[in-house]
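Novice: This is the structure, below, for whatever I ask next.
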Amino acid sequence: MTRPQPRAARLCSRVGCRHLATKTLTYIYADSTAVLGPLATFSEPHAYDLCDQHSLRMSAPVGWTVIKPEPDAVPAGPSSDDLMAIADAVREAGARESSSASEISGIEIPPLELGRRGHLRAIPN
């Protein structure tokens with residue numbers, strides 16, 4: 001069985017509307033729920049593709065729940081905890097390298113600090 005190929009652009013399912021679809025509306029009848037999400041990859045027979053205008057004006061039957069997941073407005077990036085974990089890992093790796101170098105040479109040389117900014121230090125080789 002071959003899957004239908006997605007078309008480059010689909011039109012709104014509303015009668016007479018010639019705008020491009022941007023959202024897909026599906027109903028979950030058992031839960032009395034309507035879900036309006038991003039445009040589905042493939043056109044489904046029991047789903048409705050809606051343009052921006054019709055997706056804003058969409059309503060569900062009385063007593064039904066409408067779920068409209070919103071995409072994150074702020075792009076997700078590393079948190080301050082992630083950055084601190086990276087800095088700690090770099091610091092630990094540097095401490096292991098300096099201790100193994102002093103063990104090989106047999107001479108205890110205290111690390112020289114060039115400068116300190118916040119929690120990071122620059123250590124010469």
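Every number in this text was worked out from the coordinates using simple rules, so none of it is lab data. Model, not experiment: these values are computed from the prediction. No Cβ is skipped: glycine too gets one built from the backbone with ideal geometry, and neighbour counts run over all protein chains shown.
Novice: Subtract the Cα-Cα distance of residue 91 and residue 65 from 0.36 nm times their separation in residues, and report this length gain in nm to one decimal.
Specialist: The residue 91-residue 65 span can extend by a further 4.2 nm.
Novice: What is the order of 49, 31, 81, fewest Cβ neighbours within 10 Å to most?
Specialist: Taking fewest neighbouring Cβ atoms as first place, the list is 81, 31, 49.
Novice: With the alpha-carbon atoms as the only input, what is the per residue convex hull volume for segment 1-70 in Å³?
Specialist: Spread over its residues, the Cα hull of segment 1-70 gives 110 Å³ apiece.
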